[in-house]
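Trainee: Below is one structure. I have some questions about it.
Any read-out appearing in this document is the output of simple, stated calculations on the displayed coordinates, not a laboratory observation. Please read these numbers as outputs of a predicted model, since none were measured by experiment. Here the Cβ positions follow ideal geometry from the backbone for every residue, glycine too, while neighbour counts run over all protein chains shown.
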Amino acid sequence: MKALGLAMLASAMLVACDDPPATAAVADAALTQGATLYAAQCASCHGANGEGQPNWRERKADGRLPAPPHDASGHTWHHPMEMLFQMTRDGIVPPLAPEGYQSDMPAFGKTLSDDEIRAVLAYIEHQWPDEVKQMRAERFKPQASGR
Ligand code: HEC
């Protein structure tokens, strides 16, 4: 009886996962595109696996920061998605950095479309462990209005 119950539960879950096939397919396509774009545009600095450059916390001789990791050991996940989008599109410029801030992070606004930037960020986000995703969901949940 119990086994049957579990089997039914499992198949119910399969059906549930199957539910919006179109959305799932779109999400998969974006992740694949994101992975390709990441390898081509970001990996040279941020590392093939998002590990960043060595000693990324220490400024280089020219005073600039090395590329930080995008994996869970970095601070990319500390920032809301909209900010990551802005930094990728425009580079590390005001209002996200002080006026005249010197950075090696390129602005991708002319190289990548907004959708491509979203795809590459979705791919980065996808690599984070579940507890990181959960912390982000807590930290960046939409504020209740009318406070
Ligand atoms: C030429 C090297 C280089 C390439 C290529 C590059 N980055 Fe960066 N990136 C950097 C550096 C260096 C920083 C740190 C800049 C600083 O803080 O001054 C950075 C920082 C960032 C940050 C901010 C992270 C944080 O926690 O503040 C994001 C987001 C980011 N990069 C995304 C990307 C994405 C997405 C791509 C590919 C589309 C990419 N970068 C390609 C060098 C690069």
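Trainee: Report the one residue of ALA35, PRO106, VAL132 whose Cα lies farthest in the direction of the positive end of the charge dipole of the stretch 24-139 (charges on C-beta: Lys and Arg +1, Asp and Glu -1; origin at the Cα centre).
Mentor: The Cα lying farthest towards the positive end belongs to PRO106.
Trainee: Can you classify the stretch 24-139 as rounded, prolate or oblate using the Cα gyration tensor, where a ≥ b ≥ c are the square roots of its eigenvalues, rounded means a/c under 1.5, and otherwise it's prolate if a/b beats b/c and oblate if not? All intermediate terms of the calculation are to be shown ahead of the outcome.
Mentor: Details: a/c = 1.55, a/b = 1.38, b/c = 1.13.
Because a/c hits 1.5 or more and a/b exceeds b/c, the stretch 24-139 counts as prolate.
Trainee: Here is a follow-up. Tell me, TRP77, TRP128 in order of fewest to most beta-carbon neighbours within 10 Å? All intermediate terms of the calculation are to be shown ahead of the outcome.
Mentor: On the way: TRP77 21, TRP128 18.
Ranking TRP77, TRP128 by Cβ neighbours within 10 Å, fewest first, gives TRP128, TRP77.
Trainee: Same structure, new question: Once you have the Kirkwood Rh of the stretch 65-114 from its Cα pairs, apply Stokes-Einstein at 20 °C and 1.002 mPa s and quote D in µm²/s. Can you show the working numbers first?
Mentor: On the way: Rh = 11.6 Å.
D = 185 µm²/s.
Trainee: Treat the stretch 98-147 as a sphere of radius equal to its Kirkwood radius over Cα pairs and apply Stokes-Einstein at 10 °C in a medium of 1.306 mPa s; give the translational diffusion coefficient in µm²/s, rounded to a whole number.
Mentor: On the way: Rh = 14.0 Å.
The Stokes-Einstein estimate is 113 µm²/s.
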